[in-house]
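Have a look at the structure below before the remarks.
The values are calculated or read from the model by the stated rules, or taken from the named source; none is laboratory data. Values in this document were obtained by computation on a predicted structure and should not be read as measured data. Cβ: placed from backbone, ideal geometry, glycine included. Neighbour counts: every protein chain shown. To get the accessible areas, we keep the full protein, side chains included, count just its heavy atoms, and leave off ligands, DNA and RNA. Shrake-Rupley method; radii C 1.70, N 1.55, O 1.52, S 1.80 Å.
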Amino acid sequence: MNIHVVYSSLTGNTEKVAKAIYAGYKGGEKLISKIKEKPDISAADIVAVGYWVDKGGPNTEAMKFLESIKGKKVFVFATLAYFADSEHGFDSVNKGCEIAKEAGNEVIGHFVCSGPLDPAMIERFKKMAAEGSTDHHAYTAEKGVRYEMTKAHPTKTELALASERFNERVEMQRRIAELKK
């Protein structure tokens, strides 16, 4: 099966996952592109779309790209500066899946993992706290601990898992196609 990995990455976290998925795929033709390159995905049997989470879902560039895909099998992956196994993590990747489905695609799987928050954002949140903001993003010591912990992500294990999950879903599609022959 021909695949095309397409991604948007702000700080390099989503790019790492995209490259791991791309490098791990051995089942056919493969391409990898940044969304901003406006890639032609017409030859792909499966499109893997990755994004960094912004406001609980795909960043704007990735959202528009997901909305533009029609009639494809899609694998969605995301990175966020929060715990991947949290409700926020699930909701953030699920939002991308919903957008892909609403555009008329079949979502064959998804993956989400943690990544470090952009240091400029941390400074912005610290400034909010210093100014007495009650915004939920305002810096706290507890959030500082999480920011430190997510600096180590995505880990080699997470990158391997992203590749494994993608390949498993592609293999499932290949086997289903064989059954239909």
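Quick notes
- Cα-Cα over 21 Å, subset of 19/151; 30/70; 64/126; 38/73: 64/126
- Highest-MSF residue in the chain out of 106, 164, 142 [GNM, Cα springs under 10 Å]: 142
- Degrees separating the helix 156-179 axis from the principal Cα axis of the chain, which is the longest one: 30 degrees
- Highest mobility in the GNM of the chain, judged by mean-square fluctuation with C-alpha springs under 10 Å and restricted to 33, 86, 133, is found for 133.
- FRET E, pair residue 168, residue 2, Förster distance 22 Å, beta-carbon r, rounded to 0.05: 0.80
- On region 1-122, 52 percent of the accessible area sits on carbon and sulfur atoms, based on a 1.4 Å probe.
- In degrees, nearest ten, helix 13-24 long axis to first principal axis of the chain (Cα): 20 degrees
- Accessible area of the chain divided out per residue, in Å², using a probe of 1.4 angstrom: 54 Å²
- Equivalent ellipsoid dimensions for region 99-171 as semi-axes, Å, which come from the Cα gyration tensor, largest first: 34, 18, 8
- Sparsely packed trypsin sites (Lys or Arg not before Pro) within region 57-128, loop by DSSP, other Cβ within 10 Å at most 12: 70
- For the residues 139, 22, 147, a GNM of the chain with alpha-carbon springs under 10 Å puts the largest fluctuation on 139.
- When all alpha carbon pairs of region 7-161 are counted in 5 Å bins from zero, the resulting P(r) reads 2, 9, 18, 21, 19, 13, 8, 5, 3, 1, 0 %.
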